[in-house]
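These notes are about the structure you will find just below.
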Amino acid sequence: MKQYLPFILIGFLLFVAGGDKVFPGALGQASTQTRTAMNNFFMGLSPSWKPKTKPYERTEQQLREAEQQK
């Protein structure tokens, strides 16, 4: 089994990468769905980045104050 594992992995990667272009019908759709599910899984592993500080807050505050003074 160990000797076939690299071929299985390479086959799976090829199926996911380009199966929708090569295989017709249901196999192509399965490839697309697998790729989409894997993309969503890996994107879900990293949290969305939100800065802890607001870099433009001071500038925006000064602009608001300048608008009120006019």
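The values are calculated or read from the model by the stated rules, or taken from the named source; none is laboratory data. Because the structure is predicted, anything quoted here is derived from the model rather than measured. When the accessible area is computed, the model is the full protein with side chains, heavy atoms only, and any ligands, DNA or RNA have been set aside. Shrake-Rupley method; radii C 1.70, N 1.55, O 1.52, S 1.80 Å.
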Expressed per residue, the solvent accessible area of the chain in Å² (1.4 Å probe) is about 98 Å²
Helix-only [θ] at 222 nm, the chain, -39500 (n - 2.57) per DSSP H run of 4+, per residue, nearest 500, equals -25000 deg cm²/dmol
In whole percent, the fraction of accessible protein surface over the chain that belongs to carbon or sulfur atoms, probe radius 1.4 Å, stands at 64 percent
For Cα Rg over 2.2 N^0.38 Å, with candidates (i) 1.28; (ii) 2.23; (iii) 0.96, the value calculated from the shown model is option (ii)
